[in-house]
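**Q** Can you keep this structure in mind? I'll have questions shortly.
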Amino acid sequence: MKIFNTMTRSLEDLVPLDGTHVRMYTCGPTVYNAAHIGNFRTYVFEDLLRRQIQRSGYGVTQVMNLTDVDDKTIRGAEEAGISLDAYTKPFKEMFFADVDLLGIERAEHYPAATDHIAEVIALISRLFEKGYAYQSEDGSVYFSIAKFSGYGRLGKIDLAGMQAGARVAHDEYEKENVADFALWKAWDANDGAVKWDSPWGPGRPGWHIECSAMSMRYLGDSFDIHTGGVDNIFPHHDDEIAQSEAATGKPFVRYWMHSAHLIVDGKKMSKSAGNFYTLRDIIAKGYSGREIRYVLLSGHYRQQLNFTFDAADAAKVALGRIDDFMERLRLHGGTGDALPSWAVEAKDAFDAAMDHDLNVPEALAAVFALVHAGNKALDRGEKGFGAAVLDMIMDMDRVLGVLVKPEESIPAEVQSLLDERAVARASKDWAASDRLRDELAALGWAVRDTPDGQKVTQR
Ligand code: AMP
Ligand code: ZN
């Protein structure tokens, strides 16, 4: 499979370092509020990537950090007048609930920064030993970017006008003020009760060092893929490269991948513009996690995605077409296991698209070509391919995670009553059929009999 490497700005074949198993690190949420749908665009991209890697036959170990100590979480805890732990806990829980709603597969590890302070301190100590770190008058420890040759190469930063020794203490900064960045921030009154002891006095880690320490703790000094949104490229990921490679003397990451941002109605999301949405905001407007996942994955990950409610409505329609097609295949497609040529063509197009840097728009075009050709074949009364095509859709859905309705949409209990009723109707046992209809109604499900069989809706 080919992927686009931000470091080389080119497509490259994905070859895992150990030949069989891909180790990937995905920068995770800062748990100071509910993640917004832009964040989830990036997490859905990373989910597609892990699923496609697995479908290609490789194993995956994915690590996603939870940033639970930084400028923003500390400010939030201080304003709420509670401990950092108490402040971040509900946002961590909300994050996992949202991950499940969107059908995002769980990563293997979700390390929290506050559980890895010892690793951070050990890494900073190595940087001191090698001469890359220094302590300033204010007690904070900085990384000396002038000492690391190639600093800024991921973000293609021009260091010409750089002021030697200029320092920046806050976690996020712009390309315009390239400067030594904080590895360890000395405690000050703004930090309240948040502090850990270190050889350099009480304080807390900088944001960038958390990711270096936790990625190398779980994936080793060198690993395969590191991802994030484009805003992570500089300084965050360049700082990670500098810290990690300065400490180990080894190449840190082989492939860097970044997803473009999500915008809403053509504009950057912001609270003041009134277009800032969390997942819950959209679900409250009547859309399902599956529909929102569809919108988030429907654009190519390296192009900006414009979220609109029209797109969410279109997702409802598109998924309905797929559901109807699968239903027709089940009822009228027969059980043969040979794929007709139109299905083989769609499968080949789908695989080629996904192997080409996760080209989801082309992969979805192949899915709809399949639906179109399959519906025509069914219209002509052809059969003998239903089970085979259903299996093929299930297999394509191992990577998209959106084509097949989530199991819970029809609870097992309801499905078994429906199965019983289908048997009753086939044997013209109308009394049993009516009794089962009433039982379904008592559970809150309305059943309709259509030429394509029973359809249920929740009341
Ligand atoms: P943060 O919690 O701000 O550190 O962001 C978590 C992840 O979401 C990072 O990988 C960011 O690059 C990504 N991200 C932030 N805003 C957006 C956006 N509007 N669209 C896509 N990804 C985003
Ligand atoms: Zn990170």
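The values are calculated or read from the model by the stated rules, or taken from the named source; none is laboratory data. Keep in mind the model is a prediction, meaning the values are calculated, not measured. Please note: Cβ atoms are built from the backbone with ideal geometry, for glycine as well, and neighbour counts cover all protein chains shown. Ligands, DNA and RNA are stripped out before the accessible areas are found, and what is left, the full protein with its side chains, is counted by its heavy atoms. Shrake-Rupley method; radii C 1.70, N 1.55, O 1.52, S 1.80 Å.
**Q** Whenever you get a sec, compute what percent of the accessible area on segment 159-213 sits on carbon and sulfur atoms (1.4 Å probe).
**A** 50
**Q** With θ set to phi - 60°, apply the Karplus curve 6.51 cos²θ - 1.76 cosθ + 1.60 along segment 380-388 and write out the HN-Hα couplings as whole Hz, x wherever there is a Gly or Pro.
**A** 7, x, 6, 8, x, 10, x, 5, 5
**Q** If you average 1/r over all unlike Cα pairs in segment 203-248 and invert the result, what Kirkwood radius do you get in angstrom?
**A** Result for segment 203-248, one decimal place: 11.0 Å.
**Q** Name the residues whose placed amide hydrogens come within less than 5 Å of the amide hydrogen of Tyr134, ignoring near sequence neighbours (fewer than 5 apart) on the same chain.
**A** Here Tyr142, Ser144 satisfy the definition.
**Q** Taking the Cα atoms of segment 106-220, what is the range of coordinates along each of the three principal axes, in descending order and whole Å?
**A** The principal-axis extents, from largest down, are 39, 37, 27 Å.
**Q** Along Cα→Cβ, 7 Å out, is where each label goes; now give me the distance between the ones at Arg435 and Ala97 in nm to one decimal.
**A** 4.1
**Q** Enter the angle in degrees (range 0 to 90, nearest 10) between the Cα long axis of helix 412-426 and the first principal axis of the Cα atoms of the chain, meaning the one along which they spread out most.
**A** 20
**Q** Between Ala146 and Phe276, what's the calculated FRET efficiency when r is the beta-carbon distance and R0 is 35 Å? Round to 0.05.
**A** 0.35
**Q** Would you calculate the separation in nanometres between label points at Ala189 and Asp265, each defined as 7 Å from the Cα along the Cα-to-beta-carbon direction?
**A** If labels sit at Ala189 and Asp265, their model points lie 4.3 nm apart.
**Q** May I pose another question? Using the alpha-carbon atoms, what tilt in degrees (0 to 90, nearest 10) does helix 360-379 show relative to the longest principal axis of the chain?
**A** 0
**Q** Once you keep just the Cα pairs under 8 angstrom separated by 6 or more residues, what percentage relative contact order results for the chain?
**A** Across the chain, relative contact order equals 16 percent.
**Q** Have a look at Ala388, Val360, Gly374 and report the one farthest towards the positive end of the charge dipole of segment 352-459, computed about the Cα centre with Cβ charges (Lys/Arg +1, Asp/Glu -1).
**A** It is Gly374, whose Cα lies furthest towards the positive end.
**Q** Let me ask another. Around Leu66, which amide H atoms from residues at least 5 apart in sequence, or from another chain, sit under 5 Å from its own amide H, with H modelled in the peptide plane?
**A** Ala112, Ala113
**Q** Take peptides 317-330, 25-38, 79-92 and line them up by average Cβ neighbours within 10 Å, highest first, as a rough protection proxy.
**A** Going by the mean number of other Cβ atoms within 10 Å, highest first, we get 25-38, 317-330, 79-92.
**Q** Okay, next question. If you take the square roots of the eigenvalues of the alpha-carbon gyration tensor of segment 302-459 and sort them as a ≥ b ≥ c, do you get rounded (a/c under 1.5), prolate (a/b over b/c) or oblate?
**A** Note, shape of segment 302-459 comes out oblate.
**Q** In whole percent, and with a 1.4 Å probe on the protein chains, what portion of the accessible area of segment 273-387 is carbon and sulfur?
**A** After summing per-atom areas, the C and S share lands at 51 percent.
**Q** For segment 284-351, what mean projected area does the convex hull of the alpha carbons give, in nm²?
**A** Its average projected convex-hull area is 6.4 nm².
**Q** Take the Cα radius of gyration of segment 240-349 and divide it by 2.2 N^0.38 Å, with N its residue count; two decimals is plenty.
**A** Dividing the Cα Rg of segment 240-349 by 2.2 N^0.38 Å gives 1.60.
**Q** Something else about it: Within the P(r) computed for segment 1-143, what percentage of the Cα pairs occupies the region above 21 Å?
**A** Percent of Cα pairs beyond 21 Å in segment 1-143: 58.
**Q** May I pose another question? Between segment 44-62 and segment 163-237, how far is it from one alpha carbon centroid to the other, in angstrom?
**A** Rounded to whole Å, the Cα centres lie 28 Å apart.
**Q** Show me 239-248, 198-207, 132-141 ranked by packing, highest mean number of other Cβ atoms within 10 Å first.
**A** Ranked by mean Cβ neighbours within 10 Å, highest first: 239-248, 198-207, 132-141.
**Q** Stokes-Einstein D for the chain at 20 °C, 1.002 mPa s, Kirkwood Rh over Cα pairs, in µm²/s?
**A** 87
**Q** Now a separate question. Over the chain, give the accessible area per residue in Å² for a 1.4 Å probe, as an integer.
**A** The answer is 44 Å² per residue.
**Q** Return the calculated 222 nm mean residue ellipticity for the chain, to the nearest 500 deg cm²/dmol, obtained by summing -39500 (n - 2.57) across DSSP H runs with n ≥ 4 and dividing by the residue count.
**A** -14000 deg cm²/dmol
**Q** Of the peptides 224-237, 350-363, how do they stack up when ordered by the mean number of other Cβ atoms within 10 Å, highest first?
**A** Put in order of decreasing packing, that is 224-237, 350-363.
**Q** Please give the helix 430-442 orientation as an angle from the longest Cα principal axis of the chain, in degrees from 0 to 90, rounded to the nearest 10.
**A** With both axes taken from Cα atoms, the answer is about 30 degrees.
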